[in-house]
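Below is one structure, written out as structure tokens; the observations come after it.
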Amino acid sequence: MQRFLFFIDGVSTAVGKLFAWCIVILTGVVCYEVFVRYALGRPTTWAYDMSYIMYGTLFIMAGAYALARNSHVRADIVYRLLSVRAQAGLDLVLYLVFFFPGIIALVYSGYGFARLSWMINEHSTFSPNGPPLYHFKTLIPLAGAFLFLQGLAETIRAIIALRTGAWPRRPHDVEELEAQILAKVQEAPGAQADTEMPEKKTL
């Protein structure tokens, strides 16, 4: 089961890191637009469309990767005080009641948007060039599918933790800021042992 979970994590990671290059493209587009607009007095007709398409692509396609790394923002003031089984039970309920219905709706609606966009050969109306939008809208149901797959892995993790009282291992390539701060505090001269915070148990 751990191998299956890591496989799904690996898929989400690969997709997230691939589309992370959108930020490089976005940065280049914005810098180029600023230069030609203010230095040469020749603004482009495509930079605006390119910027929101790149940002939107990065935003939606990184969702599964963030979920795999447990990096989505949440108010965990109370959550961190709960036992592992209580955390797992809460996660399981939230995934079944809110997450999966929302993701299924996203895939269903996104497919409709993408299909219609391809049928009418949709192009942007925000600029004279009007770049095509159907390829961009196709990413909506695709992102939903990756989120559904990663949500399945998170649900399995919650079930395992609910049964065993310990969270399954998770590959982390992004360390939380809190962990970095605590590590620096512990390395400082005269650091107290009681500065350590409890972490989730892992198998």
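Observations on the model:
- Gly41 small (Gly, Ala, Ser) and either in a loop (DSSP other than H, G, I, E, B) or within 30 Å of Thr155 (Cα to Cα) (or both): yes
- Test result for Tyr38, surrounded by fewer than 18 Cβ atoms within 10 Å (Cβ to Cβ) and more than 30 Å from Arg170 (Cβ to Cβ): yes
- If you go through the range 68-91 and keep only what is surrounded by 12 or more Cβ atoms within 10 Å (Cβ to Cβ), part of a loop (DSSP other than H, G, I, E, B) and in contact (Cβ under 8 Å) with a residue 24 or more places away in the chain, you end up with Arg69, Asn70, Ser71.
Table: residues versus (1) aromatic (Phe, Trp, Tyr); (2) surrounded by fewer than 17 Cβ atoms within 10 Å (Cβ to Cβ); (3) in a helix (DSSP H, G or I); (4) over 24 Å from the mean Cα position of the chain (by Cα).
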residue: Val93; (1), (2), (3), (4): no, yes, yes, no
residue: Phe98; (1), (2), (3), (4): yes, yes, yes, no
residue: Ile103; (1), (2), (3), (4): no, no, yes, no
residue: Tyr108; (1), (2), (3), (4): yes, yes, yes, no
residue: Gly112; (1), (2), (3), (4): no, yes, yes, no
residue: Leu116; (1), (2), (3), (4): no, yes, yes, yes
residue: Thr125; (1), (2), (3), (4): no, yes, no, yes
residue: Asn129; (1), (2), (3), (4): no, yes, no, yes
residue: Phe136; (1), (2), (3), (4): yes, no, yes, no
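- Scope the range 123-166; condition among the polar types (S, T, N, Q) and within 30 Å of Tyr48 (Cα to Cα); matching residues: Ser124, Thr125, Ser127, Asn129, Thr138
- Enumeration of residues in the range 44-67 that are over 8 Å from the mean Cα position of the chain (by Cα) and part of a helix (DSSP H, G or I): Ala47, Tyr48, Asp49, Met50, Ser51, Tyr52, Ile53, Met54, Tyr55, Gly56, Thr57, Leu58
- Scanning the range 37-92 for residues that are more than 22 Å from Val24 (Cα to Cα), among the β-branched types (Val, Ile, Thr) and touching a helix residue (DSSP H, G or I) at 6+ places or on another chain (Cβ under 7 Å) yields a single hit, Val84.
- Test for Arg80: is it more than 30 Å from Arg157 (Cα to Cα) and either in contact with a Phe, Trp or Tyr (Cβ under 7 Å, 6 or more places away or on another chain) or at pLDDT below 95 (or both): no
- Residue within the range 48-57 that is in contact with a Phe, Trp or Tyr (Cβ under 7 Å, 6 or more places away or on another chain), among the acidic types (Asp, Glu) and either surrounded by 15 or more Cβ atoms within 10 Å (Cβ to Cβ) or closer than 21 Å to Leu133 by Cα (or both) present: yes
The values are calculated or read from the model by the stated rules, or taken from the named source; none is laboratory data. Note that the coordinates shown come from a computational prediction; the quantities given were computed from them, not determined experimentally. In this analysis, Cβ positions are derived from the backbone assuming ideal geometry, glycine residues included, and neighbour counts consider all displayed protein chains.
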